[in-house]
Amino acid sequence: MRIVDLRAVPVAFADPPLRSAFGLHAPYALRTIVQVRSDEGLTGLGETYGGEVPLRDLEAARELVVGQDPFRLTRIEAAISGEEALEASQQRPWEGRLASPRRAFAAVEVACYDLIGKATGRPVADLLGGRFRERVPFAAYLFFKHAGIGGADGVGASSRAAREQDDYLAREALDPEGIVRQARDFVNTFGFRSIKLKGGVLDPEIEAEAVRAMRRELGPDVPLRLDPNGVWSIETSVQIGREIEDCLEYLEDPTEGRRGMAEVARQVQVPLATNMCTTAWTDIPETVELGSISILLTDHHLWGGLLATVKLAQLCRTFGWGVSMHSNSHLGISLMAMAHVAAAIPNLTYACDTHYPWQVDEVIQGGKVPIRDGYVEVTEAPGLGIELDEDALARLHEQYLRCGLTKRDDLIEMQKLEPGWQPVRW
Ligand code: GKR
Ligand code: MG
């Protein structure tokens, strides 16, 4: 089998006004949809980060990928990464010939696995060492947010439809009561059994109260996590960490850097997790030496693909780390890639993150992938088990061209709401 074409299509989809430590989500989130076509007439799907830079990388990768055998992924990786071939998976995102060869390869790799799965009649999980579980647990991902559903309605829910909508997508949640209501909605709608709250937004004492309020509302059996994205000082992290350690299954990136995290880890009982202080293979030795974390959030988009993620999980086992999974605003192709790789990781110790419930648009046939009882099912269907909806892709591409966004910039979006706003370090 040979690859005869690689197509990368930038898309934009409605995203509600969610708050993060970096500011505010724009009314549209951006992704890039990848299609790898074979000489046998099959097409494999991939999805990665959006906007100009990932698109440029994938366009540059096209001539390196066309003509290759999709089974020979090490060669494709070597081609995309240029001379650094064997070190490719150890590169940081900003090194190399492309802006991020590792991310570009990851997107192509997923599409190749989908293609191989379709050619062999096997689901991707079974190509990654074999599925360990039939369904993958995901966690509710709660955000402090302004009223509004995003998209054409932007912040403020200006349209009639958005004004009339009374659910977690439209409602404001800027205090502990709002978060508890959002948690209830997520649990009732999707059956999630674990909950993550994106922090680093309000005063840490208010965020701690939101965690305690969820614990009171949901009882002791729903694991809770808080992720301030590294904007707390070591002192704040220790103080808040100790205050709510009875309520948390883990505290994610309370402070920045491997040294800071190690210092916090020494002073709190609650396990620390990261998707920020350890983001490349070369970060691992120092992370181990310092004892910065107990749990790593994997992410195939960033760590070099699905196979790399399986290997990373093995490494986590070696160091006695738990394994969870990081997410960013994404569509169903990414969700299914996450589900397939998570199904093939025996030591997936925590439910995976996903932003998926915040998205209403989709590019796959049949619309949104169901999340039931907090799980995504990995079926026996070949590849990722999904097909592209070409009309939906064209619509979301049109939306990309119309919305005028070319990269994610939470700071600018926040400053539109509050001129002069700057990220706060607590
Ligand atoms: O969507 O605002 C967001 C999140 O903060 C995201 O950008 C992070 O990458 O989910 C992520 C995290 O766990 O840090
Ligand atoms: Mg995080």
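Its Cα gyration tensor gives the chain an equivalent ellipsoid. The semi-axes, each the square root of 5 times an eigenvalue, are 33, 25, 20 Å from largest down. Debye sum, Cα scatterers, region 135-377, no solvent: what log₁₀ I/I(0) at q = 0.07 1/Å? Calculated log10 I(q)/I(0) at the listed q: -0.23. Restricting region 204-254 to GluC sites (Glu not before Pro) that sit in a DSSP loop and have at most 14 other Cβ atoms within 10 Å of their own Cβ leaves Glu245. Under a 5 Å amide H cut-off, with hydrogens placed 1.01 Å from N, Cys352 pairs with Phe138, Ala139 among residues at least 5 apart or on other chains. The packing ranking, built from the mean of other Cβ atoms within 10 Å per residue, places the peptides 125-138, 330-343 in the order 330-343, 125-138, highest first. To put it simply, the accessible area of the chain at a 1.4 Å probe is 49 percent carbon and sulfur. Between Val66 and any residue 5 or more places off or on another chain, the built amide H atoms are never under 5 Å apart. For the chain, lysine pairs with C-alpha atoms less than 23 angstrom apart, excluding pairs fewer than eight positions apart on the same chain, total 10. Charging the Cβ of each Asp and Glu at -1 and of each Lys and Arg at +1, and nothing else, the dipole of region 227-291 about its Cα centre rounds to 180 debye.
In region 255-356, taking the dipole from charged Cβ atoms about the Cα centre, the farthest positive-side position among His330, Pro346, Cys277 is held by Pro346.
Report, in debye and to the nearest 20, how large the dipole of region 135-377 comes out about its Cα centre when Lys and Arg carry +1 and Asp and Glu carry -1 on their Cβ.
Working: 22 positive and 33 negative charges, 124 e Å.
Taking the Cα centre of region 135-377 as origin, the dipole is about 600 debye.
The peptide list 223-233, 346-356, put in order of mean Cβ contacts within 10 Å with the highest first, becomes 223-233, 346-356. For region 409-424, putting each phi into the Karplus relation 6.51 cos²θ - 1.76 cosθ + 1.60 with θ = phi - 60° gives couplings of 9, 5, 5, 4, 4, 5, 5, 5, 7, 10, x, x, 4, 10, x, 9 Hz, in residue order, rounded to whole numbers and with x for Gly and Pro.
In the full protein context, region 290-420 carries 38 Å² of accessible surface per residue, based on a 1.4 Å probe and ignoring ligands, DNA and RNA.
Residues with beta-carbon under 15 Å from that of Glu289, excluding Glu289: net charge, scoring Lys, Arg +1 and Asp, Glu -1? Taking every other residue near Glu289 into account, the sum is 0. Centre-to-centre, using Cα atoms only, region 392-413 and region 258-292 are separated by 35 Å. Between Val4 and Glu387, the simple spin-label model (points 7 angstrom out along Cα→Cβ) gives 1.9 nm.
Considering only Gly374, Val264, Ile206, whose Cα is most displaced toward the positive end of the charge dipole of region 135-377, charges sitting on Cβ of Lys, Arg (+1) and Asp, Glu (-1)? Of the options given, the answer is Gly374. Residue separation of Thr379 and Glu286 scaled by 0.36 nm, minus their Cα-Cα distance, works out to 29.6 nm of gained length. Only protein heavy atoms count here; under a 1.4 Å probe, Glu380 has an accessible surface of about 120 Å². Each residue of region 358-364 was assigned a 3J(HN,Hα) from its phi angle through the Karplus expression (A = 6.51, B = -1.76, C = 1.60, θ = phi - 60°), giving 7, 9, 9, 7, 8, 10, 9 Hz with x at Gly and Pro. For the chain, the dipole from Cβ point charges (+1 on Lys and Arg, -1 on Asp and Glu) about the Cα centre works out to 360 debye, to the nearest 20. Suppose R0 equals 41 Å. What FRET efficiency, 1/(1 + (r/R0)^6) with r the Cβ-Cβ distance, do Glu63 and Arg216 give to the nearest 0.05? That gives a FRET efficiency of 0.10.
For region 176-248, the alpha carbon convex hull comes to 77 Å³ per residue, rounded to a whole number. Only protein heavy atoms count here; under a 1.4 Å probe, Ile33 has an accessible surface of about 0 Å². Take every Cα pair under 8 Å whose residues are at least 6 apart in sequence, average their separation, divide by the length of region 245-360, and the relative contact order is 20 percent.
Between the residues Ala119, Gln165, Leu248, the greatest Cα displacement towards the positive end of the dipole of the chain, with unit charges on the Cβ of Lys, Arg, Asp and Glu, is found for Ala119.
Here's how it looks for Gly322: its modeled amide H is under 5 Å from those of Ile295, Leu296, which are all 5 or more places away or on a different chain.
Could you give the C-alpha radius of gyration of region 364-420 expressed as a fraction of 2.2 N^0.38 Å, taking N as the number of residues it contains?
On the way: Rg = 17.5 Å, N = 57, 2.2 N^0.38 = 10.2 Å.
That ratio works out to 1.71.
The values are calculated or read from the model by the stated rules, or taken from the named source; none is laboratory data. Keep in mind it's a predicted model, so treat the numbers as computed, not measured. Neighbour counts are summed over all protein chains in view; Cβ atoms, including those assigned to glycine, are modelled from backbone coordinates with ideal geometry. The accessibility values were calculated without ligands, DNA or RNA, using every heavy atom of the protein model including side chains. Shrake-Rupley method; radii C 1.70, N 1.55, O 1.52, S 1.80 Å.
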